[in-house]
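The values are calculated or read from the model by the stated rules, or taken from the named source; none is laboratory data. This one's a predicted model, so the numbers in the text were calculated from it and none came from an experiment. Quick reminder, even Gly has a Cβ in these numbers, built from the backbone with ideal geometry, and neighbours come from all protein chains shown. The area values use the complete protein model at the heavy-atom level, side chains included, leaving out ligands, DNA and RNA. Shrake-Rupley method; radii C 1.70, N 1.55, O 1.52, S 1.80 Å.
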Amino acid sequence: ADAMATLTQELCGDGEIIVKFEGGSSIGWAGINMRETLDPASKKVQMMQNGSFFGRREVRTMTNGFAFPQQMFAFGKPWMRLVRNGDQFSGYISANGVNWQFVMTQLVSMADCIEVGMVATTINVNTTYTATFSNVQVIQTGDGLQAVPNTIAQSN
């Protein structure tokens, strides 16, 4: 159901992922997601971009359901941030990784432990798409935990 490559780690409870999209190799989309499982049709909240004027947010609220995409204006804002607070997921974009612009919120009931990470997908099934990210952070919050970055991948 999801024709994409992902790099993920488990996140239990509340938290967030922050990345800077540095670019892609051809025509495609790259970004971040939070999904209930690694199953191809699991519930998910996802934000992507391709370096053009637009970004894309995509949400699947039920397993095996349709993933509802919606475009957003994102020119000059390569930073993406997804925040989980219980079943509420909020998305932000930024030009500098400091000042964030709110772009979405969605309620999706998911298990306490989910997969969080980066995603890349091509528009043309006959080509390979490679995305480059930097400043990748996964931060677990809630239950008195400090917001301490846990770097899962970094490309400078």
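If you scan region 2-31, which residues turn out to be open to solvent by 50 Å² or more (accessible area, probe 1.4 Å) and β-branched (Val, Ile, Thr)? Can you show your working first?
Taking region 2-31 as the starting set, the residues that turn out to be open to solvent by 50 Å² or more (accessible area, probe 1.4 Å) are 3-7, 10, 20, 22, 25-27.
Listed by number, the residues that qualify are 6, 27.
Taking region 108-131 on its own, how many of its residues are open to solvent by 10 Å² or more (accessible area, probe 1.4 Å) and either of a type outside the set (Val, Ile, Thr) or in contact with a Phe, Trp or Tyr (Cβ under 6 Å, 6 or more places away or on another chain) (or both)? Show your work before the answer.
Here is the first cut: in region 108-131, the ones open to solvent by 10 Å² or more (accessible area, probe 1.4 Å) are 109-113, 115, 118, 120-131.
Remaining after also requiring either of a type outside the set (Val, Ile, Thr) or in contact with a Phe, Trp or Tyr (Cβ under 6 Å, 6 or more places away or on another chain) (or both): 109-113, 115, 118, 120-122, 124, 126, 129, 131.
The total comes to 14.
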Report task. Mind listing whichever residues of region 47-57 are open to solvent by less than 60 Å² (accessible area, probe 1.4 Å) and without any contact (Cβ under 8 Å) to a residue 24 or more places away in the chain? Result -> 52
Query raised in the report: Out of (1) without any contact (Cβ under 8 Å) to a residue 60 or more places away in the chain; (2) open to solvent by less than 30 Å² (accessible area, probe 1.4 Å); (3) in a strand (DSSP E or B), the odd one out for residue 41 is which?
Result: (3)
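Considering every residue within region 6-16, establish whether at least one is modelled with pLDDT of 90 or more and in a loop (DSSP other than H, G, I, E, B).
Filtering region 6-16 for residues modelled with pLDDT of 90 or more gives 8-16.
Next cut, in a loop (DSSP other than H, G, I, E, B) only: 13-14.
Yes, region 6-16 contains at least one residue that is modelled with pLDDT of 90 or more and in a loop (DSSP other than H, G, I, E, B).
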Query raised in the report: For region 75-89, what are the residues that are of a type in the set (Lys, Arg) and part of a loop (DSSP other than H, G, I, E, B)?
Result: 77
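Name the residues in region 90-125 that are within 16 Å of residue 10 (Cα to Cα) and either out of contact with any Lys or Arg (no Cβ under 7 Å at 6 or more places or on another chain) or not in a strand (DSSP E or B) (or both), would you?
The first filter runs over region 90-125 and keeps only residues within 16 Å of residue 10 (Cα to Cα), leaving 110-119.
Answer for region 90-125, where residues must be within 16 Å of residue 10 (Cα to Cα) and either out of contact with any Lys or Arg (no Cβ under 7 Å at 6 or more places or on another chain) or not in a strand (DSSP E or B) (or both): 110, 111, 112, 113, 116, 117, 118, 119.
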Requested in this report: For residue 128, indicate whether it is at pLDDT below 95 and not in a loop (DSSP other than H, G, I, E, B).
Outcome: no
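Each row is one residue, and each column tells you yes or no for (1) closer than 15 Å to residue 6 by Cα; (2) surrounded by 13 or more Cβ atoms within 10 Å (Cβ to Cβ).
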| position | (1), (2) |
| --- | --- |
| 33 | yes, yes |
| 37 | yes, yes |
| 45 | yes, yes |
| 61 | no, yes |
| 72 | no, yes |
| 80 | no, yes |
| 88 | no, yes |
| 99 | no, no |
| 106 | no, yes |
